[in-house]
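Data first, discussion second: the structure below is written as structure tokens.
The values are calculated or read from the model by the stated rules, or taken from the named source; none is laboratory data. For clarity, every value in this text was computed on a predicted model and none was experimentally measured. Virtual Cβ from ideal backbone geometry, glycine too; neighbours counted across all protein chains shown. Note: accessible area is taken over every heavy atom of the protein model, side chains too, but ligands, DNA and RNA are not part of it. Shrake-Rupley method; radii C 1.70, N 1.55, O 1.52, S 1.80 Å.
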Amino acid sequence: MTPTHIEHIGIAVTSLEEAIPFYEKVLGLKCYAIEEVKDQKVKTAFFQVGQTKIELLESTDPEGPIGKFVEKTGGGMHHIAYAVEDVTEALKEAEEAGCQLIDKTPRNGAEGLKIAFLHPKSTNRVLTEICGKK
Ligand code: ZN
């Protein structure tokens, strides 16, 4: 695959409402969208920093992936997402390269993007997302 840039960095928080002021008041960024992603059991808040976004993730279900992560760790840095042209194609290439996948096929993410996660076992323990328009 050929990622064009880091699309976003995902950060798990206990509460968007409590987390947003740091990004707006200290970093001077503007939250331009809040969106619920039912598939991932999260509510997301987005900030643009150059080509990259910060994606804050608040769990909407304690049994969801972010709910469990926050329960275990208290929240914080969760994943890095790389922008690719074609997520399906990128997954195929990753698998052929011996990478363990969490998602065999793309799922629906925030902002109408297709997303898929690679397994931390194959990514030096960094949960890695690839996302793109198809
Ligand atoms: Zn993400």
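Once the range 86-121 is narrowed to residues that are part of a helix (DSSP H, G or I) and out of contact with any strand residue (DSSP E or B) (no Cβ under 8 Å at 6 or more places or on another chain), the residue that is modelled with the lowest pLDDT is Gly112. If the condition is being open to solvent by less than 30 Å² (accessible area, probe 1.4 Å), assigned to a strand (DSSP E or B) and away from the ligand (no atom under 13 Å from the Cβ), then the range 54-85 contributes only Gly76.
Summed over the range 27-53, residues that are within 12 Å of the ligand (Cβ to nearest atom), within 19 Å of Glu71 (Cα to Cα) and part of a strand (DSSP E or B) total 2.
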